[in-house]
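Please read the structure below before turning to the comments.
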Amino acid sequence: MDRRKSLKIIVTSVFASGAVVAGCNTSDKNAKTPKTKFNLDRAKEELEREKKLLAEPDFFTAHEMTTISILADIIIPADEISGSASEAKVPEFIAFIVKDMPSHQVPMKGGLRWLDMQCVKKFEKSFVDCSQKQQLEIVDTIAFPKKAKPEMSQGVSFFNLMRDLTATGFYTTQIGVKDIGYKGNTPNQWNGVPNEVLSQYNLSYSEKELKECINFEIK
Amino acid sequence: MDTFEVKKSSKVYDAVIVGSGAGGGMAAYVLANAGLKICLLEAGAMYDPQKNITQLKNPWDSPRRGASTKFRPFGDFDACYYGWDIDGEPYTKSEGTKWDWWRARMLGGRTNHWGRISLRFGPHDFKRKSIDGLGDDWPIGYEDVKPFYDRIDKMIGIFGTNEGLVNDPDGYFLPPPKPRLHELMIKNAATQSGVNVIPSRLSIITKKEEQHGERGACFYCGQCNRNCSIAKADFSSSNVLIYPALKTGNIDIVANAMVREVLTNKEGLATGVSYILKDDMKEYQVNGRVVILAASACESSRILLNSKSTRHPNGLANESNVVGKYLHDSTGAAMGGILPQLFDRKRYNEDGVGGLHVYSPWWLDNKKLNFPRGYHIEYWGGMSQPAYGFGFGMENLNGKFLVKGEKKEAGGYGKSLKEDYRYFYGAGVGMAGRGEAIPREDNLCEIDSNVVDKYGIPVLKFNVKWSDYEIQQAKHMKETFKEIMHNMGAVVTWGANDGPENDYGLESPGKIIHEAGTVRMGNDSKKSALNKWNQAHNCKNLFVVDGASFVSQADKNITWTILALSMRASEYIISEMKKNNL
């Protein structure tokens, strides 16, 4: 490449080296190193932190992860349009994001324990061991902030966080993006609001806009 | 054993440029194309938009789904590396000062991710003191800068429309994109309140012209903040100035080079700069016939204040004692809400360009208001790519509005909740004001007498406060936003509960990342550091071509003017060199 020839970069490019590592999806020779999953640009210090995060031991216990999976699927179950939270690997996302954002750690871990204690008091078993009916009975006491009893307020806070993380984790996956109907992130020619939408809202482009703005032939 | 030594290069460059953003990139581009030999120093990492790519990635390509980190405060896909908090590079603040200092650390600097809002200043913006008695007039006027704005418009590419507005001058515009749906609603609502809404002016190629060379036209992914790796359709110093200029073979780039000071000789002239290379932590010196600082307003003043010598005991270019003073950022205040008429809306791709398709230039006369300077309004909304934070706080929304005609209990779960996310998607709308602050002598950055960074370089201490002028302006912004929101039937969800207790939602200074004024130009060498050519009054081969040179910054984003002034200063350098004056 011409550009490479004319480049006289004195210092090694740390961005480039980051990209090289991140781009090596096929190099699984080093089975011990945690697989980096980045296909987006990572700079040197950034990549170091990513690797550190990925190498960290799991924050949640197996029991906590099971609880998270059940809750996530209660929040986002499969329906006629899309799959469930666990199908979209939301529990894995939550397991990662609490490492990336330590401020979620105590509310999540403590909230899960709070939930288990409620179940023990009420049903003499942990949340995961409860029947589906019992699980929903407990969830109903914390899923509706306006009508929840005051003594359940900590549970409401926990469930709000769980709902947030589940929704964010779900709608940022391929399944979720398709479900929500986001159509972008692809090369296209913006030709303005579709006509049927304009008429739905009783709007139109002004003559000035039609004259001045970029126009693409509709194929 | 390690020995401490300073590695001195014997080579003398025609120019040593510190910083590779808009100012440094333009200087490198102009000088290298004129055949000058350039050494370009960048405090951050090397970066090549053709290889270091985040554009067109999907949310799931980021394990944190686009959430921000210390390294990318504007999100995991953002093309600006580093920002508010850099390891080993602290800064301090006087008591009561809330200053946030953004420092990009990469080739191309902030231009890799900026909003591409490219507003040339108007005739009034250079002569504010003559109009309202505050601050100072520039030593130059619009007529001095206009030819450079014109050339930059054509060379770099900008879309917009000629509206014949006195203080928002016409330019050489490519056709703008049509407004999005919420932008049409905003336009109607704002117009009802007398607020002018016109096509935005962004440095994005919508229609390729010959002079754009290998750059292509925008393909409407809405991701300018990731830098246009694929088409190079938007302006970044890296894509548009530095990599093309490298083809001249006249530029050596040193990345990870943290500049310590400008070196001077017995005559007080600049001879080069000393820097520490972050890769090996060794000390280097590089020589140049001229030294051009473009390290960002505050960093450039830091370098000058740290460049003390017997000839320049108060720091370089600082006989006037103004370096570091008159620091000012744009004002900012914002409001957000939802448009119920957009609930359950039809899906289509409305990414558009990266940012707003319409904006509101300042539309009022400050003589009739209780604050002296104006602001422009930026708008947003619509069906954007989901990222971390998507869906947060549904319990505050789904109990408040009927969902498909049905009253629901706030919060919830299950299939009904999934319906809610679909129902409310794409109904958000928001607006933000960006206004002009009054530059004041007592708003400043200075060298902290006690603190150094990890390289042993004394750090900056900030002392910045808003005055009532800016606070009253923010109050006016909020009143305007409420009115526009009300006119279009939006329900305000944040930013409406402001009052004197929080300066009406006025962002703390530094947050808008438009710092300027710290090495200002002027005709009077007792009241300014630079002359009208961005040249130091008392060190003729030293130039400052970033926002530091600004006397005032208008209610416009400052990049287009940085580019114009840097081009102008660079051509002056070439002509002075030809005359053997440098």
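Scanning the range A:90-107 for residues that are facing another protein chain (nearest Cβ under 9 Å) and either of a type outside the set (A, V, I, L, M) or out of contact with any helix residue (DSSP H, G or I) (no Cβ under 7 Å at 6 or more places or on another chain) (or both), we see that the one that is surrounded by the most Cβ atoms within 10 Å (Cβ to Cβ) is A:Phe93. Filtered by the rule that a residue be part of a strand (DSSP E or B) and more than 14 Å from chain A (Cβ to nearest Cβ), the range B:260-284 gives B:Arg260, B:Glu261, B:Val262, B:Leu263, B:Thr264, B:Ala270, B:Thr271, B:Gly272, B:Val273, B:Ser274, B:Glu283.
Where helices (runs of 4 or more DSSP H) sit wholly within the range A:39-110, those with at least 2 residues that are more than 13 Å from the chain's Cα centre (by Cα) occupy A:44-55, A:62-75.
When the range A:180-199 is limited to residues that are assigned to a helix (DSSP H, G or I) and facing another protein chain (nearest Cβ under 7 Å), the one that is farthest from the chain's Cα centre (by Cα) turns out to be A:Val197.
Reported count of residues in the range B:368-399, each being among the basic types (Lys, Arg) and touching a residue at least 40 places away in the same chain (Cβ under 8 Å), is 1. Restricting B:Gly430, B:Gly426, B:Gly412, B:Gly399 to residues that are buried (at least 16 other Cβ atoms within 10 Å of the Cβ), more than 14 Å from chain A (Cβ to nearest Cβ) and either out of contact with any Asp or Glu (no Cβ under 8 Å at 6 or more places or on another chain) or in a loop (DSSP other than H, G, I, E, B) (or both) narrows the list to B:Gly430. Do we have B:Glu446 as within 26 Å of the chain's Cα centre (by Cα) and acidic (Asp, Glu) here? Here the answer is yes, as B:Glu446 does meet what is asked.
Within the range B:344-359, residues that are facing chain A (nearest Cβ under 7 Å) and surrounded by fewer than 21 Cβ atoms within 10 Å (Cβ to Cβ) have Cβ atoms under 9 Å from residues that are not aromatic (Phe, Trp, Tyr) and not in a loop (DSSP other than H, G, I, E, B) in these pairs: B:Lys346/A:Glu196; B:Lys346/A:Val197; B:Lys346/A:Gln200; B:Arg347/A:Ile180; B:Tyr348/A:Val197, counting only partners at least 6 apart in sequence or on another chain.
Among the conditions (1) surrounded by fewer than 19 Cβ atoms within 10 Å (Cβ to Cβ); (2) modelled with pLDDT of 95 or more; (3) within 20 Å of B:Trp101 (Cβ to Cβ), B:Asp87 misses just one, which is (2).
Given the condition closer than 25 Å to A:Glu87 by Cβ, under 22 Å from the mean Cα position of the chain (by Cα) and within 7 Å of chain B (Cβ to nearest Cβ), answer yes or no: does some residue in the range A:147-162 qualify? Scanning the range A:147-162, I find at least one residue that is closer than 25 Å to A:Glu87 by Cβ, under 22 Å from the mean Cα position of the chain (by Cα) and within 7 Å of chain B (Cβ to nearest Cβ), so the answer is yes.
Among residues of the range B:164-176 that are at positive phi and within 13 Å of chain A (Cβ to nearest Cβ), those with a Cβ under 7 angstrom from a residue that is assigned to a loop (DSSP other than H, G, I, E, B) and surrounded by fewer than 18 Cβ atoms within 10 Å (Cβ to Cβ), sequence gap 6+ or separate chain, pair up as B:Gly164/B:Asp170.
Per-residue answers, yes or no, for (1) part of a helix (DSSP H, G or I); (2) among the aromatic types (Phe, Trp, Tyr); (3) touching a Pro at 6+ places or on another chain (Cβ under 9 Å):
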position: A:Arg113; (1), (2), (3): yes, no, no
position: A:Lys133; (1), (2), (3): yes, no, no
position: A:Val139; (1), (2), (3): yes, no, no
position: A:Ala148; (1), (2), (3): no, no, no
position: A:Gly155; (1), (2), (3): yes, no, no
position: A:Phe159; (1), (2), (3): yes, yes, yes
position: A:Leu165; (1), (2), (3): yes, no, no
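A search for C-beta distances below 9 Å between a residue of the range A:177-190 that is closer than 22 Å to B:Asp344 by Cα and exposed (fewer than 15 other Cβ atoms within 10 Å of the Cβ) and any residue that is modelled with pLDDT of 95 or more and small (Gly, Ala, Ser), counting only pairs 6+ apart in sequence or on different chains, returns A:Lys178/A:Ser82. Scanning the range B:199-230 for residues that are over 14 Å from B:Ile158 (Cβ atoms), within 11 Å of chain A (Cβ to nearest Cβ) and not charged (D, E, K, R) turns up B:Gly216, B:Phe219, B:Tyr220, B:Cys221, B:Gly222, B:Gln223, B:Asn227, B:Ser229, B:Ile230. Residues that are within 13 Å of chain A (Cβ to nearest Cβ) and among the β-branched types (Val, Ile, Thr) were ranked within the range B:10-60; the one that is surrounded by the fewest Cβ atoms within 10 Å (Cβ to Cβ) is B:Ile53. Annotation note: of B:Leu36, B:Leu56, B:Leu31, B:Leu40, the sole residue that is under 20 Å from B:Val262 (Cβ atoms), part of a loop (DSSP other than H, G, I, E, B) and of a type in the set (A, V, I, L, M) is B:Leu36.
Can you say whether B:Phe392 is in contact with a Phe, Trp or Tyr (Cβ under 9 Å, 6 or more places away or on another chain) and aromatic (Phe, Trp, Tyr), as far as the supplied structure shows? Spelling it out, it is not the case that B:Phe392 is in contact with a Phe, Trp or Tyr (Cβ under 9 Å, 6 or more places away or on another chain) and aromatic (Phe, Trp, Tyr).
The values are calculated or read from the model by the stated rules, or taken from the named source; none is laboratory data. Just so it is clear, the model here is predicted, and its values are computed rather than measured. For neighbour counting, all protein chains shown are included, and Cβ atoms are generated from backbone atoms with ideal geometry for every residue, glycine included.
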